[in-house]
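Participant: Below you'll find the structure I mean.
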Amino acid sequence: PESGLHIRMAKGTFKMPGSGENVLSRIHVDDLAQCIMAIFEKNIHGETFVVGDKCPSALKDVVGWLCERLQVGPP
């Protein structure tokens, strides 16, 4: 919580890498915990699972959205 993108943007310490065109797929911590618990409950071993959201976004879009809500200028 103390190092999230929103915190760094509010503090003015976030630096946009490149053009911001790179795509992010984020997952809420509760959803990730639910995935992990399901793996434990099913006693699955030696498998790899890739999880993320259904709507990945360009970093510049996420930053723009946060700028509006935090009422800060772009990095």
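Participant: Ratio of the chain's C-alpha Rg to 2.2 N^0.38 Å, to two decimals? Let's see the in-between values first.
Facilitator: Working: Rg = 15.9 Å, N = 75, 2.2 N^0.38 = 11.3 Å.
Scaled against compact globular proteins, the figure is 1.40.
Participant: Where the accessible area of the chain is counted over protein heavy atoms with a 1.4 Å probe, how much of it, in %, is carbon and sulfur? Let's see the in-between values first.
Facilitator: On the way: 3460 of 6050 Å².
In the chain, the share of accessible area belonging to carbon and sulfur is 57 percent.
Participant: Over the chain, calculate the relative contact order: mean separation of alpha carbon pairs under 8 Å at least 6 apart, over the residue count, as a percent.
Facilitator: Values: 49 pairs, mean separation 35.6, N = 75.
Relative contact order for the chain comes out at 48 percent.
Participant: Also, quick follow-up: Working from Cα positions, state the angle (0 to 90°, nearest 10) between the long axis of helix 59-70 and the longest principal axis of the chain.
Facilitator: 70
Participant: In the full protein assembly as shown, how much of residue 57 is accessible to a 1.4 Å probe, in Å² to the nearest 10?
Facilitator: Residue 57 has an accessible surface of roughly 40 Å² with all protein chains in place.
Participant: What accessible area per residue comes out for the chain, rounded to a whole number of Å², with a 1.4 Å probe? Could the numbers behind the result be given before it?
Facilitator: Working: 6050 Å² over 75 residues.
Ligands and nucleic acids excluded, the figure is 81 Å² per residue.
The values are calculated or read from the model by the stated rules, or taken from the named source; none is laboratory data. Only a predicted model underlies this, so the values are computations on that prediction, with no experimental measurement involved. We work out accessible area using only protein heavy atoms, side chains counted, and drop any ligands, DNA or RNA first. Shrake-Rupley method; radii C 1.70, N 1.55, O 1.52, S 1.80 Å.
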